[in-house]
Amino acid sequence: MKIIEVKDYEQMSQMAAEYMIRKVKECKATNLGLATGGTPVGMYKKLIEDHRLQGTSYQEVTTFNLDEYIGLSGTNKNSYRYYMNENLFDHIDVQKDKTFIPHGDVQDFEVECQRYEKLIEANGGIDLQILGIGSNGHIGFNEPGTSFDSKTHVVDLKSSTIEANARFFNRIEEVPTQAVTMGISSIMRSKEILLLISGEGKKEAFHQLLNGDVTENFPASVLKNHPCVTIIADEAAVSGVKLRS
Ligand code: PGA
């Protein structure tokens, strides 16, 4: 894993956006794996700014998001489809019908999970996957204990995740308790991974990632087995964290 330390959230967002833009310029038909949550918002802002000022085009890009809440349709303000439209897709020239997010409002989730997994495969896989990390080490919504062999599946969200995400909802009771997420093995099949870590709240997770063992109890630790992972972490997340010597 290559680790880049930056000063703050702003610099992390800038560097991550530049990384993605480089990728899209190298190959116009890149398949991007995208994430939601608080961490990538700044990066998306920078992508929009660059699209406006420099004209970087996403017309041939295909995107796959990591996850979606169960029970929310794409028009619900708390759905990740809504988040992606608001924070990125509505402001760049990506073709909406080439932006994929698991559906959270279907009847048969077994079918949905298989459909999503096949869709990624049929499009040739993900070239660059953006990831955040949960304070419990989750990636996507793969909570501690998820098998490293998992493909797209339904998860019960841990109470720590529900609490962490309650800030986006009016009341904690409104936070869905289940989600559809790409599995660990789906994520690991990405050719390249960019993990963004920001803020003091992620210090413990960063420490565990660097110094802990590779274990299903800490899902992000699997990234140590991936050949091409870059981490951009800010000072607040890095402070006091030492690499095992
Ligand atoms: P956050 O979430 O970006 O909102 O901190 C990251 C995650 O839970 O994966």
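Since every read-out is calculated from the coordinates, none of them should be taken as a lab result. Because the structure is predicted, anything quoted here is derived from the model rather than measured. With ideal geometry, Cβ positions are generated from the backbone for all residues, glycine too; neighbour counts draw on all protein chains shown.
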Practice task
Could you grab the pairs with beta carbons closer than 6 Å, sequence gap of 6+ or different chains, first residue in the stretch 1-27 and crowded, with 18+ Cβ neighbours inside 10 Å, second one part of a loop (DSSP other than H, G, I, E, B) and polar (S, T, N, Q)?
Solution key: TYR9/SER198; MET12/SER198; VAL24/THR30
Practice task
Please go through the stretch 61-76 and pick out each residue that is within 16 Å of ALA122 (Cα to Cα) and touching a Gly at 6+ places or on another chain (Cβ under 6 Å).
Solution key: PHE64
Practice task
Can you run down the residue pairs with Cβ atoms below 7 Å, 6 or more apart or on separate chains, where the first is in the stretch 153-170 and farther than 17 Å from ASN76 by Cβ and the partner is away from the ligand (no atom under 11 Å from the Cβ) and in a loop (DSSP other than H, G, I, E, B)?
Solution key: HIS153/GLY183; VAL154/ILE70; ASP156/THR177
Completion exercise
Checked the stretch 47-76 for anything of a type in the set (D, E, K, R) and within 16 Å of the ligand (Cβ to nearest atom); matches are ASP67, GLU68
Practice task
Name every residue in the stretch 21-45 that is within 16 Å of the ligand (Cβ to nearest atom) and assigned to a helix (DSSP H, G or I), in order of residue number.
Solution key: VAL41, GLY42, MET43, TYR44, LYS45
Practice task
For the stretch 96-132, name all the residues that are touching a residue at least 40 places away in the same chain (Cβ under 8 Å), crowded, with 21+ Cβ neighbours inside 10 Å and touching a Lys or Arg at 6+ places or on another chain (Cβ under 6 Å).
Solution key: LEU128
Problem - Condition broken by ARG81, with the remaining ones in (1) within 23 Å of ASN142 (Cα to Cα); (2) within 16 Å of the ligand (Cβ to nearest atom); (3) among the charged types (D, E, K, R) satisfied - result: (2)
Exercise for the section: Can you give me the ranges of the strands (runs of 3 or more DSSP E) entirely in the stretch 105-187 with at least 3 residues that are within 16 Å of the ligand (Cβ to nearest atom) and out of contact with any His (no Cβ under 9 Å at 6 or more places or on another chain)? Expected result: 128-131
Practice task
Filter the stretch 29-82 for residues that are within 27 Å of ILE197 (Cβ to Cβ) and of a type in the set (Gly, Ala, Ser) and give the result.
Solution key: GLY33, ALA35, GLY37, GLY38, GLY42, SER79
Exercise for the section: Scan the stretch 66-88 residue by residue and report those that are crowded, with 21+ Cβ neighbours inside 10 Å and touching a Lys or Arg at 6+ places or on another chain (Cβ under 8 Å). Expected result: GLU68
